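Every read-out reported here was derived from the displayed coordinates using simple, explicitly stated rules and does not represent laboratory data. Model, not experiment: these values are computed from the prediction. Every residue, glycine among them, receives a Cβ derived from its backbone with ideal geometry; neighbour counts consider all protein chains shown.
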Amino acid sequence: MNADTAIPSTPPEGGGAAQAFDAIVIGAGFAGLYMLVRLRALGLRARALEAGDGVGGTWYWNRYPGARCDVESLQYSYSFSEELQQEWQWTERYPRQDEILRYINHVADRFDLRRDIALNTRASAAHYDEGRQRWSVRTEGGERFEARFLISAAGCLSAARIPEVTGLSSFQGPWYHTGNWPHQAVDFSGQRVGVIGTGSSGIQLIPTIARQAREVVVFQRTPNFSIPAWNRPLPADEQKAWKAQYAAHRQKARATRSGILYDYSLRASAEATEEERQQEYERRWLRGGANFTHAFNDIYSNQAANDSAAEFVRNKIRATVRDADTATRLAPTDHAIGTKRICVDSDYFQTYNQPHVSLVDLRETPITAIVADGIRTASRHFPLDRIVFATGYDAVTGALDRIDIRGLGGLALKDKWAHGPRTYLGLMSAGFPNLFLITGPGSPSILTNVVVAIEQHVDLIARCLDHMQQQQLSVAQPMMDAEDDWVTHVNQVASKTLFTKSNSWYMGANIPGKPRVFLPYIGGLQNYTTICEEVVAAGYRGFRMTSG
Ligand code: NA7
C-alpha cells in the first residue's frame with residue numbers, strides 16, 4: 001500500500017471519553033515495564049494496558065508446575081540499573097517462575113511503575129486516526145485511550161493455543177493450558193493426568209506432575225531434543241563474583257549472537273576428530289543447558305555437523321530410557337537439533353522409567369476425540385481425571401493478530417501480514433505510523449536471551465522518540481523500500497540455516513493456515529545491533545519522520 005494516498009480510518013467505537021496519553025504500551029511484562037521507565041525519563045505521559053491482574057506477562061501466566069527459565073538467572077534479568085542488578089539475589093542457577101515473577105514485581109515497585117499501569121485491561125482494537133495523528137485504543141472492557149505513540153510489548157509467546165480437538169467441552173474433569181495456569185496450586189495427587197505436548201513446557205511439567213500423580217499419560221506428536229539443566233542453588237560467593245564484573249559480563253553478552261554468555265566454539269565440526277567431537281559433546285552435556293548446540297560453529301548450518309550432535313543426544317536418550325520402544329519414540333529424528341527450540345530439562349527422560357508414566361505416539365495413533373472421562377486415540381481409550389495442554393503458542397505474531405490493529409487507510413495489520421509479517425528491523429511496519437513493536441517479527445527476539453533483546457529495542461525506541469522530540473517531529477514510519485529490503489534480508493539469512501527445514505513455531509508451522517515464514521531475525525543479536533546503530537547514525541535511515 002502507499003502510505004501517501006491513505007484515507008483516514010475510523011477510531012474504534014464505544015466507551016466513554018478517551019483517556020489521553022503521549023504513549024500507550026500494550027503489556028506489562030519485561031518489555032512493557034522497561035518501556036515505561038524509559039518513557040517516563042523522556043517526560044512522556046504513558047499508560048501500559050495489561051490484560052492480567054498483575055504485572056509479569058509470560059511469567060504471570062505460565063504458573064504450571066516445573067515452570068522455569070532456560071537462561072541462567074544472572075543473565076535473564078535487566079541490566080539497565082546497576083543498583084537493581086546488584087541488590088537482587090537469585091537463589092538458583094535457572095530461576096523458577098515464581099522467583100522471576102517476584103523479581104518483576106520488585107522492579108515495578110522499585111521504579112514506582114504501577115501508577116502507569118492499568119491492570120485487567122486487555123486491548124482489543126487500536127486504530128490510527130491520520131487526521132489527528134493519534135492512535136485510538138479500545139479495551140475489552142469498553143474503555144478508550146488515545147495517544148500519539150502506540151508501543152506493543154505484547155510478547156512473542158503470549159497467545160496460548162489450544163488445538164481443535166473434538167469433544168473437549170464434553171470432558172468432565174478440569175483441564176489447563178500451561179500458558180494460562182490457575183493461580184491456586186493444582187494438586188495432582190492420586191489423579192490420572194493426560195499431558196498433550198512435549199515442547200519446553202511439557203518437558204518441564206511432566207517430571208513435576210509425575211511426582212504427584214497416580215498416572216501420567218503423555219501424548220506426543222513430535223519428540224524434542226533436550227539437554228539436562230543440572231540446576232542447583234546459586235552459592236553466594238559465585239553470585240558475588242559475577243556481580244563484581246556485572247557491567248563487563250553484560251557488555252560481552254550483548255556482543256554475542258544470542259545475548260547469552262555461552263561458550264561459543266569457533267571451530268567447525270569437521271575440523272575435529274570423531275573422538276574430539278564426542279569429548280566436546282560430553283563436556284557440554286555435563287555442563288548442561290542450551291550451550292550444547294554451540295559445540296561447533298556450524299551445527300545450525302551444516303547438516304552433517306548437526307547430525308553428529310543430534311546422534312549424541314539420541315544416544316543419551318537411549319542410554320537413559322530403559323524401555324527400548326519408548327526410547328526410540330522419544331529420540332527425535334524428524335528435525336535438526338536446535339531448529340525447534342531446544343529444551344532444557346530436569347529428569348525428563350528419566351521420568352519415563354517410572355511405572356506410572358507412559359508415552360503415546362500420536363504419529364502412530366492420533367487423538368480421535370476427547371470424551372467425558374478421557375482421551376480416545378485411534379487404537380484405545382485412556383481414562384483420565386485431568387488434561388494438561390502444553391500445546392504452545394501462536395508465536396511472535398499471535399498476540400498482535402488478536403488485536404484489531406488498523407493503520408493508514410484502515411488497513412488491518414493482520415491483512416498486511418497475511419502472507420507473513422513485514423517490518424523494518426522488526427521494529428515498525430509501513431502504513432502503521434508511530435506503532436513500535438518491541439521484539440517484533442524480523443528482530444532477534446526469541447532467538448536470544450529475550451531480556452537483552454527487549455532492552456536493546458526499548459532503548460532504540462526511546463532514542464527515536466527523543467530524536468523526534470528534539471527535532472519537533474511528530475510521525476515516524478518506515479519507508480516501503482527499506483521494509484522490503486529488510487524482509488528480503490531476514491529471509492535470506494534464515495535460508496542459509498537448517499531452521500527453515502523444520503516444522504517449528506519459528507516457522508509458524510504449529511498453527512494451521514499460518515504462512516510458513518521464518519519469524520525472527522537469525523543474523524545474530526550483535527550484527528542486528530550494529531545494523532540498528534548504523535541506521536541511527538545515518539539519521540534514522542529507512543524511516544520517514546515528519547512534523548505535524
Ligand atoms: P511448543 O514448543 O510450541 O510445544 C508445543 C507442543 O505441543 C509440541 O510438542 C507440539 O507438537 C504439541 N502440539 C501442538 N499442537 C498439538 C496437537 N494438536 N496435538 C498434539 N500435540 C500438539 O510450546 P511450549 O509451551 O512447550 O514452549 C514454547 C516456548 O516457551 C519454548 O520454546 C520456550 O521458549 C518457552 P509439534 O512439535 O508441533 O508436533
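Cα-Cα over 29 Å: which of LYS316/LYS340; LYS252/LYS316; LYS243/LYS316; LYS240/LYS316; LYS416/LYS501? Don't skip to the answer; put the middle values down first.
Values: LYS316/LYS340 19 Å; LYS252/LYS316 32 Å; LYS243/LYS316 35 Å; LYS240/LYS316 35 Å; LYS416/LYS501 25 Å.
The pairs that break the limit, which is 29 Å between Cα atoms, are LYS252/LYS316; LYS243/LYS316; LYS240/LYS316.
Which of the lysines could a cross-linker bridge to LYS414, judged by Cα under 18 Å and excluding same-chain residues fewer than eight apart?
Straight-distance partners of LYS414: LYS514.
Does a label point 7 Å from the Cα of GLN303, set along Cα-to-beta-carbon, have any residues of the range 222-260 with amide nitrogen under 20 Å, and which are they?
Answer for this model: 225.
Taking the dipole about the Cα centre of the chain, with the C-beta of Lys and Arg at +1 and of Asp and Glu at -1, give me whichever of TYR176, CYS464, PRO228 is farthest to the positive side.
Projecting each Cα onto the dipole axis, the largest value belongs to TYR176.
Note down the nm distance, to one decimal, between modelled labels 7 Å out along Cα→Cβ at ALA270 and at GLU533.
Placing both labels 7 Å beyond Cα along the Cβ direction yields 3.4 nm.
Report the charge-dipole magnitude of the range 303-459 in Debye, nearest 20, computed about the Cα centre from +1 at each Lys and Arg Cβ and -1 at each Asp and Glu Cβ.
Working: 16 positive and 17 negative charges, 45 e Å.
That gives the range 303-459 a dipole magnitude of about 220 debye.
Arrange LEU44, LEU205, LEU435 by Cβ neighbour counts within 10 Å, fewest through most, would you? Write out the running numbers ahead of the final one.
Working: LEU44 19, LEU205 26, LEU435 23.
So the residues, fewest neighbours to most, are LEU44, LEU435, LEU205.
Ranked by Cβ crowding within 10 angstrom, fewest neighbours first, how are LEU33, LEU460, LEU330 ordered? List each step's numbers first, then the result.
Details: LEU33 29, LEU460 20, LEU330 24.
Final ranking by Cβ density, sparse to dense: LEU460, LEU330, LEU33.
Answer with one residue from MET35, ASN105, THR139: the one whose Cα lies farthest towards the positive end of the charge dipole of the chain, charges on Cβ with Lys, Arg +1 and Asp, Glu -1.
Final value for the positive-end residue is THR139.
Classify the range 196-307 as rounded, prolate or oblate from the Cα gyration tensor: take a ≥ b ≥ c as the square roots of its eigenvalues, call it rounded if a/c is under 1.5, otherwise prolate when a/b beats b/c and oblate if not. Can you show the working numbers first?
Values: a/c = 2.15, a/b = 1.20, b/c = 1.80.
Oblate, since a/c reaches 1.5 and b/c is not below a/b.
Could you work out how far helix 480-495 tilts from the main Cα principal axis of the chain, as a 0 to 90 degree angle to the nearest 10?
Tilt of helix 480-495: around 10 degrees.
With +1 assigned to the C-beta of every Lys and Arg and -1 to the C-beta of every Asp and Glu, and no other charges, what is the dipole magnitude of the range 168-389 about the Cα centre in debye, to the nearest 20? Intermediate values should be presented prior to the final figure.
On the way: 27 positive and 23 negative charges, 130 e Å.
Roughly 620 debye for the range 168-389.
Calculate the dipole size of the range 1-157 relative to its Cα centre from +1 charges on Lys and Arg beta carbons and -1 charges on Asp and Glu beta carbons; express the result in debye to the nearest 20.
Working: 18 positive and 21 negative charges, 39 e Å.
Here the range 1-157 has a charge dipole of around 180 debye.
I'd like the trypsin sites (Lys or Arg not before Pro) in the range 469-548 restricted to DSSP loop residues with at most 14 other Cβ atoms within 10 Å, sorted by number.
On the way: sites: LYS496, LYS501, ARG516, ARG541, ARG544; in loops: LYS496, ARG516, ARG541.
Those that pass, being in a loop and sparsely packed, are LYS496, ARG516, ARG541.
Restricting the count to DSSP beta bridges whose residues both fall in the chain, what percent are antiparallel, rounded to a multiple of 5? Intermediate results must be reported in sequence, preceding the final value.
Numbers: 26 of 65 bridges.
Close to 40 percent.
Go through GLN86, ASN527, TRP59 and say which Cα lies farthest out towards the positive end of the charge dipole of the chain; charges sit on Cβ, +1 for Lys and Arg, -1 for Asp and Glu.
TRP59
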